[in-house]
Amino acid sequence: MDKISCTLLVDDDRINNFLNQRLLEGLNMTEKLLTALNGKEALSMFEKECRESVCPTLVLLDVNMPVMNGFEFLEAYDQLDIAPKEHVIIIMLTTSLHPRDVERVQQLGIAGFMNKPLTKEKVNDILKAHFNRELPQE
C-alpha cells in the first residue's frame, strides 16, 4: 500500500494523541506523523511543514480543545496561503455528535466527522473513501 505522505493529529488529550499515534504507526500507513495539542499549534505546524517539506494530506482534528478549537482552526486554515487545499483531507473527531456540531461541520466542507476513538476500521474507511487505498488484510 502506498503510504500517505504526512498525517497531522490534533487533540488536546495527550493520551488520545499517544493512542492514535501508536495505532497509525502500527498500521504503517503514513510516512510522517505529526501531533499538535490545539488548533494554534496545528496551524503553526501546518505552515512550517508546507514551507519546509510536505503539507499534511490527512488531518485528524479534535473538535473541543483549549487555546483554539477545531472550528477555529478550520476558519484560520481557510485563510492560510497554501496550495492546493483540495488535496488535504480533514476529518473531525469528537465524543459528542451534537446536532449543532454536525450541522456546522457540514457547512465547513470538510471530508468528514467521526466519533472517537479512532480504530483500525475507521482508518481503513478514511483510506478507502479519500485515498483510494486499503490497509493490507491480516
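The values are calculated or read from the model by the stated rules, or taken from the named source; none is laboratory data. Just so we're clear, the structure is a prediction, and the values are computed from it rather than from any experiment. In this analysis, Cβ positions are derived from the backbone assuming ideal geometry, glycine residues included, and neighbour counts consider all displayed protein chains. Remember, those area values only see protein heavy atoms, side chains included, never the ligands or the DNA or RNA. Shrake-Rupley method; radii C 1.70, N 1.55, O 1.52, S 1.80 Å.
How big is the dipole moment of the chain about its Cα centre under a simple scheme where the beta carbon of each Lys and Arg is +1, that of each Asp and Glu is -1, and everything else is neutral? Debye, nearest 20, please. Walk me through the numbers on the way to the answer.
Working: 15 positive and 22 negative charges, 43 e Å.
Computed charge dipole of the chain: roughly 200 debye.
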Tell me the label-point distance for the pair residue 111, residue 19, using the 7 Å Cα-to-Cβ offset, in nm and rounded to one decimal. 2.2 nm
Under 22 Å from residue 48, Cα to Cα: lysines that are on another chain or at least 8 residues apart: 3, 32, 40, 85
Within the set of other residues whose C-beta is less than 13 Å from the C-beta of residue 21, count the net charge using Lys and Arg as +1 and Asp and Glu as -1. 0
Rough spin-label spacing in nm, given labels placed 7 Å along Cα→Cβ, for residue 102 and residue 27: 2.3 nm
Extension gain (nm, one decimal) between residue 129 and residue 54, 0.36 nm per residue minus Cα-Cα: 24.8 nm
For an R0 of 22 angstrom, estimate the FRET efficiency from the Cβ-Cβ distance between residue 78 and residue 119 and round to the nearest 0.05. 0.15
Separation between Cα centres of the range 4-68 and the range 84-115, rounded to whole Å: 15 Å
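In the range 68-138, carbon and sulfur make up what percent of the accessible area (probe 1.4 Å)?
Details: 2050 of 4340 Å².
The value for the range 68-138 is 47 percent carbon and sulfur by accessible area.
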Using the basic label-point model (7 angstrom from Cα toward the beta carbon), what is the residue 64 to residue 85 distance in nanometres? 2.7 nm
With 26 Å as the cut-off, how large is the P(r) tail for the range 1-125, expressed as percent of Cα-Cα pairs? 13 percent
